[in-house]
Amino acid sequence: MTEPNVSTRLNSSDSALPQARNSAAGLSPARPRLDSSGADKRFRLANKIGGTIVAIAGVSLIVLTVVIGLFLLYKGSFTFTAFQHTVGEFLFSPDWNPQDSPDLTLRGSVGALIFILGSLMTCFLGLAIATPFAVGAAVFITEIAPRAGERLFRPAVELFLGIPSVVYGWVGLTVLVPFIRDYFHAPLGGYSVLAAGIVLAVMIFPTITTVSADAITAVPYDYREAAYGLGSTRWQSIYHIVLPAAKKGILTGIILGLARAFGEALAVAMVIGKTRALPADILSPTSSLTTAITADMGNTTNGGEHNSALWTMALLLFLISMFFIFVIHIIGAERKQNQ
């Protein structure tokens, strides 16, 4: 047999040295490097496609909002352009008797003060009822019993968001309206602003609670420790430190709840009474913008004065919603500046 030459022995021994060193040090043998250029290209392609889809979706939402606003402006302006009514008459007159005819010469009165005042009374009454309970529940979830609050109470509150509005209205119709009739002796059998306000309070309670709880959670814990270090009790820390620090987030939740209350129609229509009269007090029945639109829009002639007046109500609701969103953005910008 022929012995291997010297160069072959040296090469084999040199290649074995790194493996022997790795095995002596407890390391695995060196593996060949994989070419990652293909994976990087696929990742960049997927990232580009995902970014494009998100951008298209965002632009589509903006365009859709603008189109809806322009459409409502076009339809709602007929009351003032085609039928020659004034903005002051629409906003401040209680006389509601529009003509249901496309004939521009037939004109009635389109004073929507009854519906505007009904919406304002029910929404702000519901807000006044819901806000103390919602903020108190948020404090309980985050400060008093955070473990039980996050595991039990918060999921229970968020379940209310998934309940259809007709369920709230039906419970109000069968339980709340008879209660108000029997104990408060409401003039129309319990159908009243109070009933609508309580139903709205229950509906907006989860929104205000969850947003307020998130705002309180976002307050740095150092604030609480500093208050405790100065001798404050837990309630003093909550009242004087935590709630003032979270007030803008809580205010955002309140405005979101108010915006939802303004847009609610079915539940309010089932308990408010739907009478075209100015409410004398919270026990009186009345109507609101959303209930008038849902009740009458399908029964009016397209292009008529009545139909145009209802579109003007819808435009007013759209402007109110835009105002609430604008206020929320201002509050959010101030929060970022303070941070």
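Observations on the model:
- Index of the failed condition, Pro94 passing every other in (1) touching a residue at least 12 places away in the same chain (Cβ under 8 Å); (2) assigned to a helix (DSSP H, G or I): (2)
- Positions within segment 210-230 being in contact (Cβ under 8 Å) with a residue 24 or more places away in the chain and touching a helix residue (DSSP H, G or I) at 6+ places or on another chain (Cβ under 6 Å), in sequence order: Val211, Ser212, Ala213, Ala215, Ile216, Thr217, Val219
- Candidates Ile293, Ile331, Ile320, Ile325 - the one that is part of a helix (DSSP H, G or I) and under 30 Å from His185 (Cα atoms): Ile293
- All of (1) touching a residue at least 40 places away in the same chain (Cβ under 8 Å); (2) under 24 Å from the mean Cα position of the chain (by Cα) hold for Tyr191 with one exception: (2).
- Listed conditions (1) closer than 27 Å to Ala134 by Cα; (2) at pLDDT 90 or above are all met by Ala292, apart from (1).
- Residues satisfying the stated conditions in segment 100-141, i.e. of a type outside the set (A, V, I, L, M, F, W, C), crowded, with 19+ Cβ neighbours inside 10 Å and in contact (Cβ under 8 Å) with a residue 60 or more places away in the chain: Gly118, Ser119, Thr122, Gly126, Thr131
- Pairing each residue of segment 231-253 that is in contact (Cβ under 8 Å) with a residue 12 or more places away in the chain and in a helix (DSSP H, G or I) with any residue that is surrounded by fewer than 16 Cβ atoms within 10 Å (Cβ to Cβ) and of a type in the set (Ser, Thr, Tyr), provided the two are 6+ apart or on different chains, yields C-beta distances under 9 Å for Arg234/Tyr228; Ser237/Tyr223; Ser237/Tyr228; Ile241/Tyr223; Val242/Tyr223; Ala245/Tyr223.
- Flag for Arg42 being over 30 Å from Ala267 (Cβ atoms) and surrounded by fewer than 13 Cβ atoms within 10 Å (Cβ to Cβ): yes
- Summed over segment 265-305, the residues that are surrounded by 20 or more Cβ atoms within 10 Å (Cβ to Cβ) and not hydrophobic (A, V, I, L, M, F, W, C) give a count of 11.
- Check on Pro206, under 30 Å from Leu188 (Cβ atoms), surrounded by 17 or more Cβ atoms within 10 Å (Cβ to Cβ), at pLDDT 90 or above and in contact with a strand residue (DSSP E or B) (Cβ under 9 Å, 6 or more places away or on another chain): no
- Against the criterion of being touching a residue at least 40 places away in the same chain (Cβ under 8 Å) and either surrounded by fewer than 19 Cβ atoms within 10 Å (Cβ to Cβ) or of a type in the set (Lys, Arg) (or both), Ser321 qualifies.
- Among all residues of segment 142-153, there is at least one that is among the acidic types (Asp, Glu), surrounded by fewer than 16 Cβ atoms within 10 Å (Cβ to Cβ) and under 30 Å from Asp214 (Cβ atoms).
- Any hit, segment 32-54, residues being within 30 Å of Thr275 (Cβ to Cβ) and either touching a strand residue (DSSP E or B) at 6+ places or on another chain (Cβ under 6 Å) or at pLDDT 55 or above (or both): no
The values are calculated or read from the model by the stated rules, or taken from the named source; none is laboratory data. What you see is a predicted model, and the numbers here were worked out from it, not measured in a lab. Glycine also receives a Cβ, built like all others from the backbone with ideal geometry; neighbour counts cover every protein chain displayed.
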